[in-house]
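Every number in this text was worked out from the coordinates using simple rules, so none of it is lab data. Owing to the predicted nature of the structure, the values given are computational and were not obtained by experimental measurement. Glycine also receives a Cβ, built like all others from the backbone with ideal geometry; neighbour counts cover every protein chain displayed.
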């Protein structure tokens, strides 16, 4: 049991030493588990050696028992041969082997009990290490969760700083100013290109067209009255009055005469300039 006491003390000292350092808890826990596994391997080797000793003692005990039985067989053989002296010597050797076998039997029983205790202690140690592994995983998960929570809190604390929101507000105002400037330039462009009236009529036409499409769709769905048939009224073409026709001919003749006079004047001016 001494090896397990030393092992527990070693694990405890390593644990306290590593906790006292300012290191990453996850790395520390992983290292502790590695050390525990290494120490468990050494403990298993020592238990295996104790088991080997127990088996060796059992084998020696069985050999001494077999040897004592062999000396007894020889003593019987000597008695049958009528040699009591030789039989007595054989029985003396048998007593020695019996005494040694009894000693080995006691040692084997003690070693066997010790091995059972070592096996139980080894199983307990293995369970403790497995528990430590599970606890390590829980602690690492808690550590990561705490780090995530800390990061969130730091982010929330950073969001409390009004400078970020002020920057957003300032950028929004700047974008509003850019949009207003663009709209103003568009209005000025329409103002000076004479497109204002055209755009108004285009907008009116789009609105009227959309209203007509809506009314037509409602009529198809039966939600609006059908369009009334307009009566076709024949258009009467009136002949122009004689006086009106004559007036138009006089105006045309006068315009032709004026154009001819302007051409003659331009021709005369070109001749003089030559």
In range of the label at residue 55: residues from segment 78-121 whose backbone nitrogen is under 15 Å from the point 7 Å along Cα→Cβ: 112, 115-116
Highest average packing first - 167-178, 42-53, Cβ atoms within 10 Å: 42-53, 167-178
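Length gain on complete extension for the stretch residue 210 to residue 170, per 0.36 nm per residue less the alpha carbon to alpha carbon distance?
On the way: separation 40, 0.36 × 40 = 14.40 nm, distance 3.99 nm.
Full-extension gain reported as 10.4 nm.
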For segment 91-174: rounded, prolate or oblate by the Cα gyration tensor [a/c cutoff 1.5]: prolate
Gained length - residue 37 relative to residue 99, 0.36 nm times residue gap less alpha-carbon distance: 17.9 nm
Full-stretch length increase - residue 268, residue 185 - with 0.36 nm per residue and alpha-carbon distance subtracted: 24.7 nm
